[in-house]
Amino acid sequence: MSVAAVSTSNVNAIKGTEFEGMSIQMMAAMVMLEVGATKKKEAEMKISDMKAQNDKAKALNNLLDRMNAELGKYTKDEDKDKEGRGEILKKYATEAKGLGVDTSGWTIEVTVPGTSQKAVCGCNKSSEQVRAIASSIQHMAENCNSDNQTQMVKLQDFMGQYNSFVSGASDQIKNANQILQGLAKN
């Protein structure tokens, strides 16, 4: 931003404000620095959001790796293997739910025979059903990474705006100093 060459030696800001007695250039510089600080805060918040997304993607990938390591021993679609896959899903259901994974079909709540107590059991799952669950978790992790790429573009925009405002403020301060030097020579 630039200001046209106008004599500002007699211009004063609004009396009773923090700008009182400042030149227009200095007022502009102060405003630009304030807007720049706002852009910097927005960029810092964006960085924090991106870190959280990155952490979530890592946690999802870690969960998937651990589940797959245990699921690898159940390769057949026999009842014993289906039960084994169901127990593994039961083991990881709470962690997965905490990461935002829809685990509604991973477990079932049953009444213990002869009592009114409830128990959580793993649902017997075919290998195809488990592949679909794993694919869903992988897709969520990829979405976190994709969202981070989008957020990076926004972050770069905020940082560009910040740099522009700080540079503009510097130019205004330089202009104010040149005017004062010119006045001092006279």
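Could you tell me which of the pairs 51/154; 56/118; 73/97; 51/90; 76/125; 58/125 are separated by over 22 angstrom between their Cα atoms in the structure shown? Display every interim value, and only then the final one.
Numbers: 51/154 14 Å; 56/118 32 Å; 73/97 24 Å; 51/90 29 Å; 76/125 11 Å; 58/125 26 Å.
Table pairs above 22 Å Cα-Cα are 56/118; 73/97; 51/90; 58/125.
P(r) for the chain, from all Cα pairs and a bin width of 10 Å, is 8, 22, 17, 12, 10, 10, 9, 7, 3, 1, 0 %, short bins first.
Could you work out [θ]222 nm for the chain from helices alone, using -39500 (n - 2.57) per DSSP H run of at least four and dividing by all its residues? Round to the nearest 500 deg cm²/dmol. Before the final figure, lay out the partial values.
Details: 3 runs with 127 residues, N = 186.
Result for the chain: -25500 deg cm²/dmol, rounded to the nearest 500.
Split the chain at each of the trypsin sites (Lys or Arg not before Pro) in a DSSP loop with at most 14 other beta carbon atoms within 10 Å, and the longest piece is 77-186.
The heavy atoms of residue 35 present about 50 square angstrom of accessible area, all protein chains included, probe 1.4 Å. Share of carbon and sulfur in the accessible area of the stretch 108-177 stands at 53%, probe radius 1.4 Å. The mean sequence separation of alpha-carbon pairs under 8 Å and at least six residues apart, normalised by the residue count of the chain, gives a relative contact order of 33 percent. As a length-normalised measure over Cα pairs under 8 Å and 6 or more apart, the relative contact order of the stretch 40-105 settles at 28 percent. The value of relative contact order for the stretch 97-186, using C-alpha pairs under 8 Å at least six residues apart, is 14 percent.
The values are calculated or read from the model by the stated rules, or taken from the named source; none is laboratory data. This one's a predicted model, so the numbers in the text were calculated from it and none came from an experiment. Note that each Cβ is placed from the backbone with ideal geometry, even for glycine, and that neighbours are counted across all protein chains shown. Just so you know, the surface numbers come from the protein's heavy atoms only, side chains and all, with ligands and any DNA or RNA stripped out. Shrake-Rupley method; radii C 1.70, N 1.55, O 1.52, S 1.80 Å.
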